[in-house]
Amino acid sequence: MTILAYTDGASRGNPGESGVGIVLKDELGNVIASQYGYIGIATNNIAEYTALAACLRLVQTTQCSQLVVHSDSELIVRQLNGLYKVKDAKLKKHFQKIQNIIVAAPFQFKIRHVPREENWEADELANRGIDTKKLLTI
């Protein structure tokens, strides 16, 4: 089954209080899972990578053969697609963690950039994570 994932990381301040949101949909657009959580103080880019890591973990609980991630973070998408180098030392750790998960995953992986308006559900969940302070465990 192909899963369409929408991920977002939010940071109020940069760095600031941060949260993540993930929405998983089937090929017909039906929501099959969602998750949100608070990750403490982080930069927006670290929140974006943390959201993607949480997404990859959540997908492993499904019967996924192909994962297509949609993110409004142009930086993360371009880094993972090999168009940008990862220069920041902290981001390199998160990038490598994601790469390791992808290599070991039992599904094909693609990531695409989408405008923020098309990622509103994940954005809403990321902000709910900050508002509720519900800790994310990954």
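The values are calculated or read from the model by the stated rules, or taken from the named source; none is laboratory data. This structure is a prediction, so every number in the text was calculated from the model and none was measured. Don't worry about glycine lacking a Cβ; one is built from the backbone with ideal geometry, like all the others, and counts go over all protein chains shown.
Scanning the stretch 45-67 turns up at least one residue that is farther than 21 Å from Leu125 by Cβ, in contact (Cβ under 8 Å) with a residue 40 or more places away in the chain and outside any strand (DSSP E or B). Condition check for Gln96 on (1) farther than 15 Å from Thr43 by Cα; (2) surrounded by 13 or more Cβ atoms within 10 Å (Cβ to Cβ): one failure, at (2). The number of residues in the stretch 6-22 being surrounded by fewer than 24 Cβ atoms within 10 Å (Cβ to Cβ) and within 14 Å of the chain's Cα centre (by Cα) comes to 1.
Within the stretch 96-120, being of a type in the set (Phe, Trp, Tyr), within 15 Å of Arg57 (Cα to Cα) and not in a strand (DSSP E or B) holds for one residue alone: Phe107.
Tally up the residues in the stretch 7-47 that are among the charged types (D, E, K, R) and under 13 Å from Gly129 (Cβ atoms), please. Working first, answer last.
To start, the set of residues in the stretch 7-47 that are among the charged types (D, E, K, R) comprises 8, 12, 17, 25-27.
With the extra rule that they be under 13 Å from Gly129 (Cβ atoms), the set shrinks to 8, 12, 17.
The qualifying residues number 3.
In the stretch 78-92, of all residues being free of Cβ contacts under 8 Å to residues at least 40 places away in the same chain and touching a Phe, Trp or Tyr at 6+ places or on another chain (Cβ under 9 Å), the one that is surrounded by the fewest Cβ atoms within 10 Å (Cβ to Cβ) corresponds to Arg78. Against the test of being modelled with pLDDT under 95, touching a helix residue (DSSP H, G or I) at 6+ places or on another chain (Cβ under 9 Å) and not β-branched (Val, Ile, Thr), the options Lys97, Lys90, Lys85 yield a single qualifying residue, Lys90.
Of all residues in the stretch 21-44, those that are assigned to a loop (DSSP other than H, G, I, E, B) and either closer than 23 Å to Lys90 by Cα or without any contact (Cβ under 8 Å) to a residue 24 or more places away in the chain (or both) total 3. Within the stretch 59-77, being surrounded by fewer than 21 Cβ atoms within 10 Å (Cβ to Cβ) and among the aliphatic types (A, V, I, L, M) holds for Val68, Leu75, Val77. Is there a residue being under 25 Å from Arg128 (Cβ atoms) and acidic (Asp, Glu) anywhere in the stretch 86-103? Scanning the stretch 86-103, I find no residue that is under 25 Å from Arg128 (Cβ atoms) and acidic (Asp, Glu), so the answer is no.
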